[in-house]
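No lab work stands behind these numbers, since they all come straight from the coordinates. As the structure is a prediction and not an experimental result, all values here were calculated from the model. Cβ coordinates were reconstructed from backbone atoms using ideal geometry, including for glycine residues, and neighbour counts include every protein chain displayed.
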Amino acid sequence: MLEKIKKEIKQGTQFISFLVLQAIGQIVIMAIPLLLAEILNTEAFGLYSYSEFVLFLGLSFFVLTPRTALVVYGNQEFPQTGGIHKTTLALMLFAAIALSATILIFILLKNQICRFTMLSSGQVIYLLLAFIGWMLKDFFATLQYCMNRRHTAAFTDLLFGLTALSLVIFLCTTERLNLKNIFISYFIAGVICCIVSFFIIDIKKIFPLQPDKKWLKDISIYALWNFLGVMSVYLINWGGLAFLRYSNSTADAAVYNISYKFFKGFVILVYMIPAYFLPHISANIDKAGTIEGLLKHKRPRIMLLGGIGIVIAYFMMPFVLKLLYAEKFLSAVPVINLLLAATVLLLYSTFYLTILTAAKAYKFLQFANISQATINIGLNFILIPQFGIIGAAWATVIAYIYLLVICEWRYQCKFKNKIPSIDSCHMIMEPLDFQV
């Protein structure tokens, strides 16, 4: 009994320390656009918002797509061999493809990017540098997650955020703050993460690289399915901005971005749960009690903690916005408060998402994400012209309600063997081939 209590305390301490470190890192990263919203005028921040739309489109398309697959397979390879030689080779190949493809796209579609973001052709080149900086940070963070070094991965995010934020503050104090220099700050932050990571990583666990065609093929198939899901999540988080670009003013885009920046901050905190538990669940998915321990013991405590945090956020948001921006963005308060409901829904859903990801249920997960994104985009198309930004918030909430329902249903089908029965579930799902 005493040993069990000690184990629970140790696990809880590890989780909380990871949560705090990751939270600080993400808060620092999120502080950069929040600071820019205060410094820049509304129109300029609107242009920055459109730039972020393109930046995170590229990151979602090329960088985040293979990340989950690499973490899952890396945490299967590491306990068996004591290294991630095969997974590292796959990560390097994906990074090389991402960099080459992004440069080519920026060259071929420069005029279209300029028209959408309202940036000059020179500023678009610096936006590409910002992408490279973010890619470097994510490359080394993924490498750490593959070895189950979660705290080191969280430190990489923190280092990136602190460096970029420090540079932005320096630019502000020296009156050199503009979009070009902001983009360069992200690039420098990524390079510093790269340099520091070389001193942290145990090279013996990475090199020599080990080619394995089957391993690479399996990761690639997982990543291809995950691509649909990642892009769907991107459209849910950013799709409303695309509608606002052509139907509302740049000032409305700025208010939208502020509202969703807070929401994305909450979402990032929520996604720390799968980031922390996924390596363990992936390595022990077939062991009895793994899933039960997550849902029956850890979920109630995390939901309680998260619920308290969300209630506090609900009452604090008006004061926070007024403190940061005076009257500038008070119209974002009802939007953010509505999006907090979506945060609660995602918090509950993420436990099922962790299990399904560890079980490599990528076909079902992508179906869920694609259908969720389709619902969100359709509702944006209907609600934004009628209700503006608040319509986009309602579209997001409804989309997350759908995600929770479908994940709960799939879990009951596959893992609980409850209603509907596994046989009927198999018959319903078989034509779409959504087996785990």
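Put a plus charge on the Cβ of each Lys and Arg, a minus charge on the Cβ of each Asp and Glu, and nothing anywhere else: the dipole of the chain about its Cα centre is then about 780 debye.
Label-to-label distance, S249 versus A96, with points set 7 angstrom from Cα along the beta-carbon direction: 5.1 nm. Ranked for footprinting exposure by Cβ neighbours inside 10 Å, fewest first, S49, S120, S349 give S120, S349, S49. Among D212, D157, D252, D202, sorting on how many other beta-carbon atoms sit within 10 Å of each Cβ, with the fewest leading, yields D202, D212, D252, D157.
Remark: T87, T290, T350 ranked as T290, T350, T87, counting other beta-carbon atoms within 10 Å and listing the fewest first.
Positive-end ranking of M92, L109, V168 along the dipole of the stretch 18-211, with charges on Cβ about the Cα centre, is headed by M92. Can you figure out the FRET efficiency of F170 with I382, using R₀ = 41 Å and their beta-carbon distance, to the nearest 0.05? Calculated value: 0.35.
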